[in-house]
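Structure first, commentary second.
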């Protein structure tokens, strides 16, 4: 059967992964229903809140003309000023004598500090004047005399007939300002304008009819709309990190998966879900009392872009986490925290505008700014329409653009972090990989092979490696030279592999032998690109496995069966095979045929419609082997492929591998010596990370074996010493291995094999020695393995970097089995048991201790949750004090035209008037 080198396009893999994700969504109904229903639940809840708190409607208010300034007077005012100069004294003398002689008493102060100190001891009728220069000054009034400058009127309720701002006119502020201005003008121009200024009239501008939303429902609507889309990001982050946690993503990449296809499949799936959900929510929101005046399309754009950006925000978090149970909690908390930050930003009207846009790279804040603008437009009975997207202090068009930019930024950052952040599995690029020419030009790198003298600590290659026959010379498919792998374990460096060097040939089956933790799985993971070597190199048909780009080419030829079962739990056996066949690049018209062949070869037709999670351990291993051989790859890397299988299934796998051996490289690891002896052409024995021997069974037995075994069954009259003397007479190096009343076992060296016939003849002649029967057997591969392990520390820790951690459900099942066994043992011992209240107390204390130990073991998770809570409350406290400081701060207002009027050339809109003043001079003002 011809082998195949796969080359599949990104779009085909994307379609396949979309199908896979869709099937998983259909099978995991609980999370899928939550994703769909939660946004609708929040929306209907907001509609209910808006119905319970109906909007306040205010009718149109006409203009109100105020009386002239001279109708209002300052009474008993003490006027203090600083600094004291000829000009300031002249100005204040004119104010107190010419303009307001009946009500003003002036006092002089050397500096502003003295003026403020004096004001604290004065009555509330004290007013301070602080001159900055001859043309500008500050008026210091007590807060109760005029409105606090930082207070904004958020409601028309208190302003329908009167306005607090009119107090500036009625309580003397404007009179004093006009008097000082008139004095300055007269000083500069020698022209008196006081008579004109004191008779100036003012008009409180009217208000159009308005619909106003209360602050409480406004805040509820804002924060709930932010949280409404969080289930999408929550479950997306969990799905992606769970696949990474189970090593599914990396093994899909080994099968030829493009990173682009992986990200694109999730983006397209959730973009479709959010599109449909946003469309439905926009129609409901505009048809109800939530946003009745707004355009459905504008609201849809806001919902859709925010939903996308929130999902991409969750996507950005996934490279930062290794456990799925952590990423979901963090994503939700971050969304809520940023949501409350945005809520306070839009509710604090005095919040600096420059800082508002500074928070817009956070999609939650940008979305809240946009929704706040929609609600503001709803107040004016306009709603969010295409005609007013550019109007207002926070135009909706900017929010829409920022959400779109946020989405692009989050996706790019997610891809970048996935490439550079060191993870538990897979190769990682340097932080500036995209700036290197090698990333854009895929030129093959040259590498230097180690000389024979540097292999395995200067041990000659001929001593431990059996030479291959001439037919395999030049067919070196996998070359391993000086491979070392070390990693940190707490405070020490652990060497998993030490100067490992040998070649693996095409057309042969090679077995990796060694006890648990000797480095077999680590070597497998290096060969398939799951982890880089610390030193040395390995190549597959000339492609160096430590280089990402070269490894991508090598992976097109690889079929992998790792130690852990790689499959999608909720998909059936046939669906798993079909989807992975498509990812591997098998032509679409051949997939069904290829899947059926694998099912037939591995005898899995009866379980093809069973979900993978319902299979037994042996059946899951068969499925993993089936996935590995899909597409007839040129290289098979199988890590304990028959572990957990029954004898019949093991023989099926053996026959399959033998049948597919020609023109293929097959490497497998095993703990079954009979499997290695029967199946493998060459065996590589690894002990403590070092290569002990490579060759055929005969080579291993001859080099490391203990010779032949001579077993003799004896009767009770056997003369043991005489019989041993007879054996040593013919073979002096024979040693007695085992002796009992019925059997004697001797070890005979290989070099004395030519003397066996003489020994057998002597035994036949001396039948009086009590020998009933005898036989000779060759040393088994298991004997060789055990002898090698005597030289090593068998009971060392498992140093395989990528040993699969037990799944939680497996751990739980083992715990229950052990508990049941313990209870049975306890019942057999007939120990006295406590009961009633003592039993209850003991159970409570035991369970409490159990939970304490569990929390102690999960200390990182607990610390992370506590840190998030601390950040959450810290942000809220900070924003509260910030709001409090803005609200109660008595800050000066700089009275300039920009505060009220449009700048020249600005487009007119409702928030500022284009009328500056009536200019009859014919000159520019």
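The values are calculated or read from the model by the stated rules, or taken from the named source; none is laboratory data. As the structure is a computational prediction, the values presented were derived from the model and not from experiment. Quick reminder, even Gly has a Cβ in these numbers, built from the backbone with ideal geometry, and neighbours come from all protein chains shown.
Of all the criteria given as (1) surrounded by fewer than 14 Cβ atoms within 10 Å (Cβ to Cβ); (2) modelled with pLDDT of 80 or more, the one not satisfied by residue 88 is (1). Quick test for you: out of 221, 238, 185, 180, pick the one residue that is surrounded by fewer than 20 Cβ atoms within 10 Å (Cβ to Cβ) and either part of a helix (DSSP H, G or I) or at pLDDT below 75 (or both). Exactly one of 221, 238, 185, 180 is surrounded by fewer than 20 Cβ atoms within 10 Å (Cβ to Cβ) and either part of a helix (DSSP H, G or I) or at pLDDT below 75 (or both), namely 185. Scanning region 633-658 for residues that are in a loop (DSSP other than H, G, I, E, B) and within 25 Å of residue 785 (Cα to Cα) turns up 640, 641, 642, 643, 644, 645, 646.
Within region 305-319, none of the residues are surrounded by fewer than 20 Cβ atoms within 10 Å (Cβ to Cβ) and in the same structural domain as residue 411 (by TED's automatic domain parsing).
In the set (1) at pLDDT 85 or above; (2) surrounded by fewer than 17 Cβ atoms within 10 Å (Cβ to Cβ), residue 122 fails one condition alone, (1).
Residues in region 352-391 that are assigned to a loop (DSSP other than H, G, I, E, B) and touching a strand residue (DSSP E or B) at 6+ places or on another chain (Cβ under 7 Å) were compared, and the one that is surrounded by the most Cβ atoms within 10 Å (Cβ to Cβ) is 391. Within region 323-351, the set of residues being within 13 Å of the chain's Cα centre (by Cα) and part of a helix (DSSP H, G or I) comprises 324, 325, 326, 327, 328, 329, 330, 331, 332, 334.
Being assigned to a helix (DSSP H, G or I), buried (at least 16 other Cβ atoms within 10 Å of the Cβ) and modelled with pLDDT under 80 is a property that residue 226 lacks.
Counting only residues that are over 33 Å from the mean Cα position of the chain (by Cα) and buried (at least 24 other Cβ atoms within 10 Å of the Cβ), region 633-658 holds 2 of them. In summary, residue 579 fulfils each of the numbered conditions (1) modelled with pLDDT of 90 or more; (2) touching a strand residue (DSSP E or B) at 6+ places or on another chain (Cβ under 7 Å) with the single exception of condition (2). Just to be sure before I move on: is residue 630 modelled with pLDDT of 90 or more and either over 33 Å from the mean Cα position of the chain (by Cα) or closer than 23 Å to residue 540 by Cβ (or both) in the structure I sent? In short, yes. Any residue in region 716-735 that is in contact (Cβ under 8 Å) with a residue 12 or more places away in the chain, touching a strand residue (DSSP E or B) at 6+ places or on another chain (Cβ under 8 Å) and under 30 Å from residue 634 (Cα atoms)? No; the residues of region 716-735 include none that is in contact (Cβ under 8 Å) with a residue 12 or more places away in the chain, touching a strand residue (DSSP E or B) at 6+ places or on another chain (Cβ under 8 Å) and under 30 Å from residue 634 (Cα atoms). Those strands (runs of 3 or more DSSP E) of region 466-527 in which at least 1 residues are in contact (Cβ under 8 Å) with a residue 40 or more places away in the chain, surrounded by fewer than 17 Cβ atoms within 10 Å (Cβ to Cβ) and under 37 Å from the mean Cα position of the chain (by Cα), considering only elements entirely within it, cover 476-489, 492-505. Residues in region 609-622 that are surrounded by fewer than 17 Cβ atoms within 10 Å (Cβ to Cβ) and farther than 18 Å from residue 650 by Cβ: 609, 610, 613, 614.
Find the residue count for region 766-781, including only residues that are under 60 Å from the mean Cα position of the chain (by Cα) and assigned to a loop (DSSP other than H, G, I, E, B). The qualifying residues number 3. Right, residue 257: at pLDDT below 90, surrounded by 22 or more Cβ atoms within 10 Å (Cβ to Cβ) and in a helix (DSSP H, G or I) or not? Spelling it out, it is not the case that residue 257 is at pLDDT below 90, surrounded by 22 or more Cβ atoms within 10 Å (Cβ to Cβ) and in a helix (DSSP H, G or I). Of all the numbered requirements in (1) in contact with a strand residue (DSSP E or B) (Cβ under 7 Å, 6 or more places away or on another chain); (2) part of a strand (DSSP E or B), residue 553 misses one, and that requirement is (2).
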